[in-house]
1. What is the number of the single condition among (1) exposed (fewer than 13 other Cβ atoms within 10 Å of the Cβ); (2) hydrophobic (A, V, I, L, M, F, W, C); (3) under 30 Å from residue 353 (Cα atoms) that residue 5 does not meet?
2. Does any residue of region 336-344 turn out to be within 16 Å of the ligand (Cβ to nearest atom), of a type in the set (Gly, Ala, Ser) and either under 21 Å from the mean Cα position of the chain (by Cα) or open to solvent by 30 Å² or more (accessible area, probe 1.4 Å) (or both)?
3. Could you tell me whether residue 415 is more than 25 Å from residue 3 (Cβ to Cβ) and either assigned to a helix (DSSP H, G or I) or aliphatic (A, V, I, L, M) (or both)?
4. Here are some residues: 308, 297. Which one is closer than 26 Å to residue 71 by Cβ, in a helix (DSSP H, G or I) and either in contact with a helix residue (DSSP H, G or I) (Cβ under 7 Å, 6 or more places away or on another chain) or open to solvent by less than 40 Å² (accessible area, probe 1.4 Å) (or both)?
5. Could you tell me how many of the residues in region 2-27 are without any contact (Cβ under 8 Å) to a residue 60 or more places away in the chain and of a type in the set (Lys, Arg)?
6. For region 90-114, which residues satisfy the criterion of being open to solvent by 40 Å² or more (accessible area, probe 1.4 Å) and either at pLDDT below 90 or hydrophobic (A, V, I, L, M, F, W, C) (or both)?
7. Going by the structure shown, is residue 74 touching a residue at least 12 places away in the same chain (Cβ under 8 Å), open to solvent by less than 20 Å² (accessible area, probe 1.4 Å) and not in a strand (DSSP E or B)?
8. Name the one entry in 250, 289 that is within 25 Å of residue 213 (Cβ to Cβ), of a type outside the set (S, T, N, Q) and part of a helix (DSSP H, G or I).
Amino acid sequence: MTDWVARVLAEVDAATAVTLERVAELVRVPSVSGSDAEHEIQAVLATEMALGGLEVDHWRLPLAELLAEPDFPGVEVDRTEAWGLVGRHPGRHDGSDGPSLLLNAHVDVVPTGDPAAWTQPDPFSGLVVGGELWGRGACDMKAGLVAALTAVLAVRRAGAPLRGDLLLACVPGEEDGGLGTYATLRRGWRADCCVIPEPTGLDIVPANAGALTFRLRVPGRATHASRRTEGVSALDKLLPVLAALSGLEARRNTDVDPMMARWPIAYPLSIGRVEAGDWASTVPDVLVAEGRLGVALDEPVEHARRALEDAVAQACAEDSWLAEHPVTVQWWGGQFAPGRLPAASDLATRVARAHATAGGARQETWGGPYGSDLRLLAGAGVPTLQYGPGDSALAHAADERVPVAEVLTTARTLAVLALDVCGLA
Ligand SMILES: [Zn+2]
């Protein structure tokens, strides 16, 4: 085993330049959720996998069929096309299935925000500056994706005779709900365990809070602004609802799972978009606010939804206008249930051991306050955790970047983990 570990690590190290160039190349593909680049990048990766000698399953997703499923996790952007992609390095199986490891990485990224807020002029540059690779998607999560690909190809090139399958799934549509992982599972892909190399700063993240996207519709009554007291401003009527939501957030964060203790607010409730009125001197007759509700670890999604609906209803009951014209709550878009690695799984121990063998520094273990594809995999019976390069605080932010050293450590760890999980024939 030790011999194979050394050989596989040597293959990862020999591929360092290729790994970094590949991260930069993928960052330069602006695969924003719902864009054409989201499936173009899948085609690029399918070619790379095939050239690397993997068996490739690259299929067009039956979008209409998937979106109609009752347990579909939701989308927030329109797509006319989307593709699934799994690369397989087959194990020798020895008459049994052999223990299999799945590495799962999303290819989509969020929009860049205002490019002027970026230090580097091009948010899709892929430039390496001061030991960090820059660009939207650098840490979330093209670096993790490429680290996984490097690990799989290194195991293959070293010729390590794995007993079980080593799989790499590249998925679209993670950022807006989990389309790609949902579709991959529905196609029948499974494994005995899974690592998602999302940015964890090389810590072990075996649990995620959930996140539910909602829309509030606050009614008002329009009138000329010069006679505003004769109308009802929908904007003003949002205020008691906001106060109620802020109280709800405080109550939902009084006693959180120790796994979430490091976060100032483990389960945030936040309004991200507000739209009201159509004329500066008209009292707005309707306001639409969209936000996300954090779901506690192990909390049923229905319970969280009801808590928000009750808080809104309570605020309406206490306001004479809203009592007659109540705010409506709609659940739409990404509906991320919380999820966690089952207590009986030894995956966290194995990842910690592989990380140490790969030369990684001391690690911590914590739960992520964000939703991820972990819950879809865990829900399908695939024990899953997250471990990968970069700081999640830079994901979705200006100046997103990833430390090069962490990318290489992730590739080394995942290669060692593959030998450990899949076993040697
Ligand atoms: Zn991500």
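1. (1)
2. Yes, region 336-344 has at least one match.
3. On the way: more than 25 Å from residue 3 (Cβ to Cβ): no; either assigned to a helix (DSSP H, G or I) or aliphatic (A, V, I, L, M) (or both): yes.
Considered against the rule, which asks whether it is more than 25 Å from residue 3 (Cβ to Cβ) and either assigned to a helix (DSSP H, G or I) or aliphatic (A, V, I, L, M) (or both), residue 415 comes out as no.
4. Numbers: 297 fails: in a helix (DSSP H, G or I).
Just a single option satisfies the conditions, and that option is 308.
5. 0
6. 92, 93, 94, 95, 96, 97
7. Values: touching a residue at least 12 places away in the same chain (Cβ under 8 Å): yes; open to solvent by less than 20 Å² (accessible area, probe 1.4 Å): yes; not in a strand (DSSP E or B): yes.
Judged against the criteria, residue 74 is a match.
8. Values: 289 fails: part of a helix (DSSP H, G or I).
From the options 250, 289, the qualifying one is 250.
The values are calculated or read from the model by the stated rules, or taken from the named source; none is laboratory data. It should be emphasised that the depicted structure is a prediction, and the values quoted were computed from it without experimental measurement. When we count neighbours, we look across all protein chains shown, and the Cβ atoms used for this are built from the backbone with ideal geometry, even at glycine. Note: areas computed on protein heavy atoms with side chains; ligands, DNA, RNA excluded. Shrake-Rupley method; radii C 1.70, N 1.55, O 1.52, S 1.80 Å.
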